[in-house]
Amino acid sequence: MAAASYLSAFPTLQFHIRPNKKSPSKLSNPGFSNPPIYASISETKPSTVTPSKSGKLPLLPVPGSYGLPVIGPINDRIDYFYNQGRDEFFKSRVQKYQSTVYRVNMPPGPFIASDPHVVVLLDGKSFPVLFDVTKVEKKDLFTGTYMPSTDLTGGYRILSYLDPSEPNHAKLKSIIFSLLKSRRDHVIPEFHSSFTELFETLEKNLEDKGKAGYNDPNDQASFNFARAFFGANPPDTKLGLDGPKLIGKWVLFQLSPILTLGLPKVVEEPTIHSYRLPPFLVKSDCKRLYDFFYASAGSILSDAENLGISREEACHNILFAICFNSFGGLKILFPSMMKWIGSAGVKLHTQLAQEIRSAIKSSGGEVTMAAMEQMPLMKSVVYEALRIEPPVPTQYGKAKKDLIIESHDAAFEIKEGEMLFGYQPFATKDPKIFDRAEEFVADRFVGDGEKLLKHVLWSNGHETENPSVSNKQCAGKDFIVLASRLLVVELFRRYDSFEIEVGKSALGVAVTVTSLTRASF
C-alpha cells in the first residue's frame with residue numbers, strides 16, 4: 001500500500017451504536033446482536049466563512065499556532081496520544097478555529113523530528129493537493145515529519161520515500177508493477193487457497209471455543225497470500241509461520257515514534273516518542289524476511305539488474321512493498337471490512353450472497369474478473385469500506401512553491417517549503433461531498449453513485465485515477481481492491497451470514513467472529 005504508513009495512524013473514530021431493527025436470522029448464535037456502527041467526525045459542523053459577492057473565496061491567513069519551541073510540539077503530542085486522542089485532536093481544533101485548514105504540530109516532534117510544524121487539510125476539497133506532485137514534494141515523507149533509519153531497509157531509501165523527480169523512483173516503481181503483472185493469473189486461486197485456510201481455522205475455533213478471533217488468522221492468511229507473487233509458500237520455507245510476527249517487530253521499529261502501544265504516558269513519552277528504537281535489535285528478523293524474498297523473487301531481481309538496480313536494493317524494495325504496503329494494508333483493511341459488513345446485518349448479507357452466487361453461476365461456477373464485474377453491490381461495499389475507514393489515513397507533502405489552497409469556505413496562502421498534512425478519514429467523510437457521510441451505506445457507489453468514486457482517496461490518489469511511475473499513487477491500488485473484492489466473494493460463497501463482536505486493537509480494530517451460517521442456497 002503506497003503513501004503514508006499503514007500503522008502510523010490507526011482509525012480511532014468515536015463509535016455510536018444505534019438500534020438495528022433487523023429481522024430474526026438463522027445464525028448459529030442468535031443471542032448476539034451487533035447493530036450497525038456509525039462513525040462520527042464531529043458533533044457539530046464548523047461554521048463557514050461567507051464567500052465574497054464576486055463568488056470567489058476569501059483569502060485568509062491559515063489559523064492556528066505552533067506554540068513555544070519544544071513545549072508547543074510536546075503539548076500537541078500529548079493531546080494527540082493521550083489527552084484527546086487523534087480524532088478529537090483534529091475535531092476540537094476545527095471547532096476552535098472554525099476552519100478545516102489550520103496550523104498545528106504533528107508527532108513525533110522533539111527529539112526525533114526537527115520540524116513538527118504542519119498545515120492540516122481536513123476536507124475533501126483541500127486534501128487532494130497532496131496528490132499533485134507538481135505542487136508538493138514527497139521526498140522522505142512516507143511516515144511524516146521524520147524518516148526511520150535506513151538500517152531497517154538495508155541502507156536504502158525505499159521507493160515509498162522517493163519523490164517522483166528522483167532518478168530511481170521510476171525504475172523501482174516499474175519493478176513493483178512488473179511483479180504484480182507477472183503473477184496476476186495466480187491471484188484469484190491463491191487467494192482462495194489462503195483464505196479457505198482462514199475460514200477453516202475460524203470454524204474450528206468457533207466449534208472448540210464458541211467464538212473465534214479474526215485478526216491473527218487474517219494475518220497468517222494475508223502473509224501466506226504472498227505465494228501468489230512468488231510461488232513459494234512461506235510455511236514451507238525457513239520462515240515457517242513466523243512471517244507476520246517478524247513483520248510486526250520490524251514495522252514497530254520504524255513507526256514507534258507515531259504509535260501508542262497502550263502503555264502509560266510516563267512510559268511512552270520519554271521512550272518511544274522521544275527516541276528511536278535501535279535497529280540492531282531486529283537485524284536478525286530483517287535478515288530472515290530478506291532471505292525469503294531474495295530466494296523467491298529471482299526473476300524479478302534479474303529484471304531489476306537490467307534496469308540498473310542492484311539485486312539487493314530491489315529485494316529490499318520488494319520486501320517493503322509486500323510486507324509493509326500490501327500485507328500491512330490487508331492486516332488493517334480486512335478486519336475493518338469484517339466490522340462494517342458484519343455490523344450491517346443479515347439483510348445486506350443476503351443481498352451479497354444472492355448477487356455473488358448468481359454471478360458465479362452465470363460464469364460457469366468460477367470466480368473470475370468478469371464475474372466480479374457483474375457484482376455491483378459487492379464492489380460498492382468494498383469502496384464504501386475504503387471510504388469510511390481508509391487503511392492509509394495520513395498523507396504528507398512539502399510545498400514546492402507558493403500555493404493557494406482552497407477549502408469549501410476559504411482560500412489560504414501556503415509558502416514554499418511548508419509541510420502539508422492530510423487526515424483522510426475526515427476528508428472522505430466530508431458532508432459537503434457525501435450524503436449521510438458518517439454512515440456505512442453499502443450501495444453508495446451503485447449506478448449513478450459511481451460518480452462519487454473520485455472522492456475515494458485511500459490510495460494516495462483518486463479512485464478514478466491510475467498509479468504511474470510519475471506519481472505517488474499506490475502501485476498496488478488495483479491489487480488491494482481486487483483482494484478486498486475476493487474477501488467479500490469468498491466470504492459469501494461460503495456463508496449466508498456471520499456475526500461479530502468488535503473491540504479495540506493497537507492496529508485498528510479487533511474482530512471476534514461469534515457465528516457463521518454456512519451457505520444454504
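Tell me, yes or no, whether the range 432-452 has at least one residue that is farther than 30 Å from Glu88 by Cβ, open to solvent by less than 30 Å² (accessible area, probe 1.4 Å), outside any loop (DSSP other than H, G, I, E, B) and at pLDDT 95 or above. Checked against the condition, which is being farther than 30 Å from Glu88 by Cβ, open to solvent by less than 30 Å² (accessible area, probe 1.4 Å), outside any loop (DSSP other than H, G, I, E, B) and at pLDDT 95 or above, the range 432-452 yields at least one hit. The set of residues in the range 467-521 being open to solvent by 10 Å² or more (accessible area, probe 1.4 Å), under 21 Å from the mean Cα position of the chain (by Cα) and polar (S, T, N, Q) consists of Ser468, Asn471, Ser505, Thr512.
Given the criteria of a type in the set (A, V, I, L, M) and closer than 23 Å to Ser222 by Cα, does Val446 qualify? It is false that Val446 is of a type in the set (A, V, I, L, M) and closer than 23 Å to Ser222 by Cα. Does Thr145 meet the test of being touching a helix residue (DSSP H, G or I) at 6+ places or on another chain (Cβ under 7 Å), within 30 Å of Pro467 (Cβ to Cβ) and in contact (Cβ under 8 Å) with a residue 12 or more places away in the chain? No: the conditions fail for Thr145.
Comparison of Pro278, Pro257 shows that the only residue that is over 28 Å from Leu202 (Cβ atoms) and over 24 Å from the mean Cα position of the chain (by Cα) is Pro278.
Pairs are defined by a Cβ separation below 6 Å, a sequence spacing of at least 6 or placement on different chains, a first member in the range 284-299 that is closer than 16 Å to Leu179 by Cα and without any contact (Cβ under 8 Å) to a residue 24 or more places away in the chain, and a second member that is of a type outside the set (Gly, Ala, Ser) and assigned to a helix (DSSP H, G or I); the pairs so defined are Tyr294/Cys315.
Within the bounds of the range 300-309, is there any residue that is closer than 30 Å to Asp76 by Cα, buried (at least 17 other Cβ atoms within 10 Å of the Cβ) and in contact with a Lys or Arg (Cβ under 9 Å, 6 or more places away or on another chain)? No, the range 300-309 contains no residue that is closer than 30 Å to Asp76 by Cα, buried (at least 17 other Cβ atoms within 10 Å of the Cβ) and in contact with a Lys or Arg (Cβ under 9 Å, 6 or more places away or on another chain).
Exactly one residue out of Leu159, Leu179 is among the aliphatic types (A, V, I, L, M), under 24 Å from the mean Cα position of the chain (by Cα) and farther than 21 Å from Ala232 by Cα, and it is Leu159. I need the full set of residues from the range 333-351 which are β-branched (Val, Ile, Thr) and open to solvent by less than 10 Å² (accessible area, probe 1.4 Å), in order please. Listed by number, the list holds a single entry, Ile341.
The values are calculated or read from the model by the stated rules, or taken from the named source; none is laboratory data. Note that the coordinates shown come from a computational prediction; the quantities given were computed from them, not determined experimentally. Every residue, glycine as well, gets a Cβ built from its backbone with ideal geometry; the counts of neighbours run over all protein chains shown. Quick note on the areas: whole protein, heavy atoms, side chains included, nothing else; ligands and nucleic acids left out. Shrake-Rupley method; radii C 1.70, N 1.55, O 1.52, S 1.80 Å.
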